[in-house]
Amino acid sequence: MQLKGVRGAPDLLPQESARWQRVEATTRSLLQRYGYAEIRTPVFERTELFVRGIGEGTDIVEKEMYTFTDQGEVNLTLRPEGTAPVVRAYLEHQMATQFPFVKVYYLGPMFRRERPQSGRYRQFHQIGVEAIGSHQPAVDAEVIDLLWALMVEELRIPDLQLRLNSIGDAACRPTIRDRLLRYMADRSSGLCHDCQGRLTRNPLRIMDCKQAGCQSLVAEAPKPIESLCEACAAHFAEVRSLLDILKIPYTIDDRLVRGLEYYTKTAFEVINPRLGAQNALAGGGRFDGLIEAMGGPSTPGIGFAVGLERVMASLPSASDEGALHGVYVATIGREAQRIGMGLLQELRRRGMRGLMDLEARSLKGQMRQANKERVRYCVILGEDELRQGQVMLRDMVKADQGSVALEQIVEHLVGLEAVCEREHGTP
Ligand code: HAM
């Protein structure tokens, strides 16, 4: 019987991977310009890290983690997100002693046992950043500016919305919670089954429940932003004013609370309204209490993560397959194939993308293949030409061709590609 992949854990096929690589390269280059360095943590960690970091009352910890016992000894979990692992590594490697302010990014698969649907997977990919060590509202503004620059300026995703909220900190959270619980006390029968449970475990999460009954109750409920302490209100006002200076358009979403418990103060999401139910492309916020909760010294932090599958679904459809580039070496006859292999080896060593047929296809079949591979040039090695030390060079964009001396063809092609690069950027 033929085995199938696991539902919610899609394959990335070769015809799609070039687009992913372009998005990843664009993102890495931008992150580097903002002063972030890459960190790679393992895909599994001790389960306790996520229970303590993300919070026991969250959907992720309650029902979405892939947890297993390693040979009956240690309880491990496939990472459902990247912030808790980064904080673990930050403390374990005493990063603060080297740099008081740490800026890192990560890119890789995350695992959550959610119900698979369009835009929601059990293995998905995030690019995330964490800036650890500063309370300054300017850091919030810079992090949000980075996210907006990535989505709008670099990836050019149209019609995005940036939603912003403040959900208070250790000083005002008890008041925020109490006011919400008091409001819900004689209305709780109108809440959905999940929110009934949230009342005791994680009441703030009721704010962003999608069920109609809960939404209408929440509409009138006291919002976190109305009960901020003085320090949180001042922080939020400064973040807003800096975003105005940076000309980042945002809307205040007073129901935005995020699904992980570590958030404090600023919380934000980037939404693509065209995507349907799973429309959050990225989310993040401050986590000023997390490092202390993980056993470290009291240290503030802020970050976000972008969901790559949702970004890919938001990019204008596969119209841009990239410019034609590289060379296809077509050969007629056994001797030509031998010479062609040597030529190809040299072209590749000189940095060119080079392809040829090793299956002894007809010339017509080879040209078909060359078209499919979207090469810019085709070098044709025929028996007659070779006898005269010549090859045929075809420019697939200009659709013209001419002969070039065999011994000059490599130099000639390398020169042509350099011109192409100068004119159009990287091939
Ligand atoms: P999150 O909101 O849970 O935040 O995830 C961030 C993004 O990952 C979401 O906006 C979404 O695009 C994508 N995502 C989440 N779950 C799925 C899924 N099942 N399928 C496809 N995409 C998904 C965090 O993970 C935080 N660690 C972000 C952060 C970093 N906060 C501070 N620093």
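The values are calculated or read from the model by the stated rules, or taken from the named source; none is laboratory data. On a predicted model such as this, the values are computed, not experimentally measured, just so you know. Cβ placement follows ideal geometry from the backbone for every residue including glycine, while neighbour counts extend to all protein chains displayed. Protein only, heavy atoms only, side chains kept; ligands, DNA and RNA dropped before computing areas. Shrake-Rupley method; radii C 1.70, N 1.55, O 1.52, S 1.80 Å.
Arranged from highest to lowest average of other beta-carbon atoms within 10 Å per residue, in what order do the peptides 295-302, 402-409, 277-284 appear?
Answer by packing, highest mean first, reads 277-284, 295-302, 402-409.
Choose one of GLY283, PRO137, HIS93: the residue whose Cα lies farthest towards the positive end of the charge dipole of the chain (beta-carbon charges +1 Lys, Arg; -1 Asp, Glu; about the Cα centre).
GLY283
In whole percent, and with a 1.4 Å probe on the protein chains, what portion of the accessible area of the range 323-421 is carbon and sulfur?
Percent of accessible area from carbon and sulfur atoms in the range 323-421: 47.
With all protein chains present, calculate the accessible area of ASP400 using a 1.4 Å probe and round the result to the nearest 10 Å².
Approximately 80 Å² of ASP400 is accessible to the 1.4 Å probe.
Of the residues GLY340, GLY53, GLY133, which exhibits the maximal mean-square fluctuation in a Gaussian network model of the chain defined by a 10 Å Cα contact cut-off?
Fluctuation is largest for GLY340.
Looking at the chain as a GNM with Cα springs under 10 Å, which of GLY342, GLY326, GLY35 has the largest mean-square fluctuation?
Result for the chain, Cα springs under 10 Å: GLY342 fluctuates most.
Kirkwood hydrodynamic radius, the range 289-350, all distinct C-alpha pairs: what's the number in Å?
With all distinct Cα pairs of the range 289-350 included, I get 17.8 Å.
May I ask you to give the solvent-accessible area per residue for the chain, in square angstrom, as obtained with a 1.4 angstrom probe?
51
Among 3-12, 210-219, how do they line up by average Cβ neighbours within 10 Å per residue, starting with the highest?
Packing order, densest peptide first, comes out as 210-219, 3-12.
Can you tell me which of GLU335, GLU226, GLU130 moves the most in a GNM of the chain? Springs connect C-alpha atoms under 10 Å apart.
Sorting by GNM fluctuation, first place goes to GLU335.
As a test of the formula, what do you get for the chain when each DSSP H run with n ≥ 4 contributes -39,500 (n - 2.57) and the sum is divided by the residue count, at 222 nm and rounded to the nearest 500 deg cm²/dmol?
Computed ellipticity for the chain at 222 nm equals -11000 deg cm²/dmol.
Sort 234-242, 154-162 for me by packing, meaning the mean count of neighbouring Cβ atoms within 10 Å per residue, highest on top.
234-242, 154-162
How far, in degrees from 0 to 90, does helix 173-185 lean away from the longest principal axis of the Cα atoms of the chain, to the nearest 10?
70
Please determine, in degrees from 0 to 90 and to the nearest 10, the orientation of helix 363-372 with respect to the longest principal axis defined by the Cα atoms of the chain, where the helix direction is its Cα long axis.
Computed tilt is about 20 degrees.
Along Cα→Cβ, 7 Å out, is where each label goes; now give me the distance between the ones at MET341 and ALA234 in nm to one decimal.
My value for the distance between the label points is 7.6 nm.
What shape does the range 323-421 take by its C-alpha gyration tensor, where a ≥ b ≥ c are the square roots of the eigenvalues and a/c under 1.5 counts as rounded, a/b above b/c as prolate, and the rest as oblate?
Note, shape of the range 323-421 comes out rounded.
Measure nothing fancy, just the Cα-based angle from helix 83-92's long axis to the longest principal axis of the chain, in degrees from 0 to 90, nearest 10.
On a 0 to 90 degree scale, this one is about 90.
Can you tell me what the convex hull of the Cα atoms of the range 160-202 projects to on average, as an area in nm²?
Orientation-averaged projected area of the Cα hull: 4.4 nm².
Take the cross-link list LYS4/LYS103; LYS4/LYS372; LYS103/LYS210; LYS63/LYS247; LYS223/LYS247; LYS364/LYS398 and give me the ones stretching past 31 Å between alpha-carbons.
In this structure, LYS4/LYS103; LYS103/LYS210; LYS63/LYS247 lie more than 31 Å apart at Cα.
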